[in-house]
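First the structure, in the form of structure tokens, and then the observations on it.
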Amino acid sequence: MTKILIINGHPNKESFNQALATAYEDGALKSGATVSTIHIRELQFNPNLQFGYTKRMDLEPDLLDSLEKIKAADHLVWIHPVWWGGMPAIMKGFIDRLFLPGLTYQYRENSMWWDKLLSGKTARIITTLDQPGWYYRLMYGRPSVNQLKKSTLEFCGVKPVKVTYVGIIKTATPEQRQKWINQIYNSGLQQR
């Protein structure tokens, strides 16, 4: 049985991202997977990596719980909007505080290389946009995807990381939104 963790990075619980998270969860549960969720907006933690990497901040209970969920999962599903080319600040803070040496990766002593502590996991990024996904890729180089996929997840050993672009959100009709919800439900059903 696949263990799936859905991480919703949208700060508004009434967002379309929430509808997508629910759709994926419903599909995954229907497929027989075990599903856990993290709605970053509900966590109590300081999103500021206050001392950079010079001094370790203690992890709050919600971050410790999130780390255990990440470690227990086989497949991570990250859902977030693209704002100003990137992810919401609270999601970036979650990553800054949790994806740390000794927790998700570990540099080797006297080496430029590191151990990837999340190896063996796969991921799906579902990102909503107010532009077509192809435009975001060609015009801007998809910075939020590069940051999450390459510089975070793959850096820590998560592979493969697939991406689903959902948009244009701002001009979408209710019928188009329902098509996207159905698409994401089917992704959950197929556990991908």
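Hey, can you tell me all the residues within region 109-123 that are of a type in the set (A, V, I, L, M) and either more than 16 Å from the chain's Cα centre (by Cα) or surrounded by fewer than 16 Cβ atoms within 10 Å (Cβ to Cβ) (or both)? Those that are of a type in the set (A, V, I, L, M) and either more than 16 Å from the chain's Cα centre (by Cα) or surrounded by fewer than 16 Cβ atoms within 10 Å (Cβ to Cβ) (or both): M112, L117.
I'd like to know if region 23-37 contains one or more residues that are at pLDDT 95 or above, outside any helix (DSSP H, G or I) and under 20 Å from K92 (Cα atoms). Yes - at least one qualifying residue is present in region 23-37.
The number of residues in region 39-67 being assigned to a helix (DSSP H, G or I) and under 11 Å from the mean Cα position of the chain (by Cα) comes to 1. Considering (1) over 16 Å from the mean Cα position of the chain (by Cα); (2) assigned to a loop (DSSP other than H, G, I, E, B), the lone condition that Q106 does not fulfil carries the number (2). When L103, L138 are checked against the criterion of being closer than 18 Å to L5 by Cβ and open to solvent by 10 Å² or more (accessible area, probe 1.4 Å), L103 stands alone in meeting it.
One residue alone among Q44, Q106 is free of Cβ contacts under 8 Å to residues at least 60 places away in the same chain and in contact with a helix residue (DSSP H, G or I) (Cβ under 7 Å, 6 or more places away or on another chain), and that residue is Q44. Entry remark, region 149-171: residues being in contact with a strand residue (DSSP E or B) (Cβ under 6 Å, 6 or more places away or on another chain), in a helix (DSSP H, G or I) and open to solvent by less than 30 Å² (accessible area, probe 1.4 Å) number 1 in total. Among residues belonging to region 8-66 that are under 21 Å from W83 (Cα atoms) and acidic (D, E), point out the one that is least open to solvent (accessible area, probe 1.4 Å). Per the stated criteria, the residue is E42.
Selection within region 67-97: residues that are farther than 18 Å from V35 by Cα and aliphatic (A, V, I, L, M). The member of this set that is surrounded by the fewest Cβ atoms within 10 Å (Cβ to Cβ) is A89.
Contact map, region 133-157: residues that are touching a residue at least 12 places away in the same chain (Cβ under 8 Å) paired with residues that are part of a helix (DSSP H, G or I) and among the aliphatic types (A, V, I, L, M), Cβ distance under 7 Å, separation 6+ or inter-chain. Pairs shown: T152/I95.
The sole residue among I7, I70 that is in contact (Cβ under 8 Å) with a residue 12 or more places away in the chain, closer than 21 Å to L100 by Cβ and in a helix (DSSP H, G or I) is I70.
The values are calculated or read from the model by the stated rules, or taken from the named source; none is laboratory data. Model, not experiment: these values are computed from the prediction. A quick note on method: Cβ atoms are made from the backbone with ideal geometry, for glycine too, and the neighbour counts reach across all protein chains shown. We work out accessible area using only protein heavy atoms, side chains counted, and drop any ligands, DNA or RNA first. Shrake-Rupley method; radii C 1.70, N 1.55, O 1.52, S 1.80 Å.
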